[in-house]
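Worksheet: one structure, shown below.
The values are calculated or read from the model by the stated rules, or taken from the named source; none is laboratory data. Values in this document were obtained by computation on a predicted structure and should not be read as measured data. Positions of Cβ are generated from backbone atoms using ideal geometry, with glycine treated the same way; all protein chains shown enter the neighbour counts.
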Amino acid sequence: MNQGPTRISVVSYLNARPFLYGLEQMKNLSAFAISSDIPSVCASKLIHDETDIGLIPVAMLAALKESHIITSYCIAADGPVESVVLVSQVPLEEINNVLMDIESRTSVLLVKILAEELWKIHPKWIKQESHHNFEDVDKTVSAVMIGDKALKYKSRYRYCYDLAEGWKTLTGLPFVFAIWASNKNIDPAIISQLEQAFSIGTNSIDRLVTDLEKDYPETDILNYLTQKIRYTLGKKEMEALQLFLSKAQRFQQPDSGAVISTGIK
C-alpha cells in the first residue's frame, strides 16, 4: 500500500456523484486523496498503480494483475439506463459504421455483444481517435455514447438504442457498468469507511439534485439517479457481471498474467 493517503479515483459522470458526495462527508477526509476522472482513466490509474482504489469499468478487471472487488456498491441498471446508448440517424438494420466511445471499454464490448447476439447486425467498428464532446462528430455516423455526453447529445439523433435495456432483453439480468476495485489488499477498516460513505451518498440523492440541476438542464436528475441507476452489487448483479465477462472474452485481446477475483470482501 502506498504510504501516504489512500488514493481513490472516482468516475466524473453524474451517475457517480452520490459516491463523491459520500466520500466528501468522511470525517477523516485528509487520509484520502480523491481524484475525479473519466472511466478509462480510473482504470488506467489502477492498472499503473497510480491509485489504490478506483470505480472502474468492469471490463478492465481483466487488465489488472491483481484485482479485488472491495465494496457492495456499483453502477448498474436493471433496464433502460439512458446514459449508455447507441445513437444513429438510421434504424439498426441500416447501420454500417459505429464510432466507439473510448471512455469505457465495457460499453464498447457490450454493444458488440448486443450487435451479434440480439440485433444480428455486423457494422464496421470505428475507434474514436481522441476524447471529444461529440459536437463535431459527423451526424451520419452511428456512435456509442456514454455518461454525461449521452445525456446531452443523444436527442440530436433520430434513433437511440439503450444498451442496458438491450442487455436486459438478451439476458433478463441487470447490467453492471462499474465496480469499486483495488489492485492490492485493502485494510478492512478502510473498506468499512467506504461502505459507510457510499451508503450516506446513495441515501442523500434528494439533497444533491438542486445543486446539480444547473449543470444538467436536459436531465431529470432525480429520476435518473433513483430510477435508472442501481448502486447495490447484489446476487443478480454479480451473476450478470460474470455472464458479461464470459461473453466479452471473445472480443478481448489476450491479456497475459491477469488474475481476476470478483468476490466481494
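Things worth noting here:
- Qualifying residue in segment 138-146 (condition: among the hydroxyl-bearing types (Ser, Thr, Tyr) and modelled with pLDDT of 80 or more): yes
- Residues that are modelled with pLDDT under 90, crowded, with 22+ Cβ neighbours inside 10 Å and under 13 Å from the mean Cα position of the chain (by Cα) occur at least once in segment 104-120.
- Strands (runs of 3 or more DSSP E) lying entirely in segment 1-92 (those with 3 or more residues that are of a type in the set (A, V, I, L, M, F, W, C), at pLDDT 95 or above and surrounded by fewer than 19 Cβ atoms within 10 Å (Cβ to Cβ)): none
- Scanning segment 161-177 for residues that are in contact (Cβ under 8 Å) with a residue 24 or more places away in the chain and surrounded by fewer than 16 Cβ atoms within 10 Å (Cβ to Cβ) yields a count of 1.
- Residue check, residue 98 crowded, with 23+ Cβ neighbours inside 10 Å, of a type in the set (Val, Ile, Thr), touching a residue at least 40 places away in the same chain (Cβ under 8 Å) and in contact with a Phe, Trp or Tyr (Cβ under 6 Å, 6 or more places away or on another chain): no
- Taken over segment 57-90, the criterion of being charged (D, E, K, R) and over 15 Å from the mean Cα position of the chain (by Cα) is satisfied by 65, 66.
- Residue pairs whose Cβ atoms lie under 7 Å apart, sitting 6 or more positions apart in sequence or on different chains, and linking a residue in segment 31-43 that is in the same structural domain as residue 16 (by TED's automatic domain parsing) to a partner that is assigned to a strand (DSSP E or B) and among the hydroxyl-bearing types (Ser, Thr, Tyr), are 31/6; 32/6; 35/9; 37/9; 42/9.
- Residues that are among the aliphatic types (A, V, I, L, M) and either over 26 Å from residue 47 (Cα atoms) or in contact with a Lys or Arg (Cβ under 8 Å, 6 or more places away or on another chain) (or both) within segment 187-213 comprise 191, 200, 205, 208, 209, 212, listed in sequence order.
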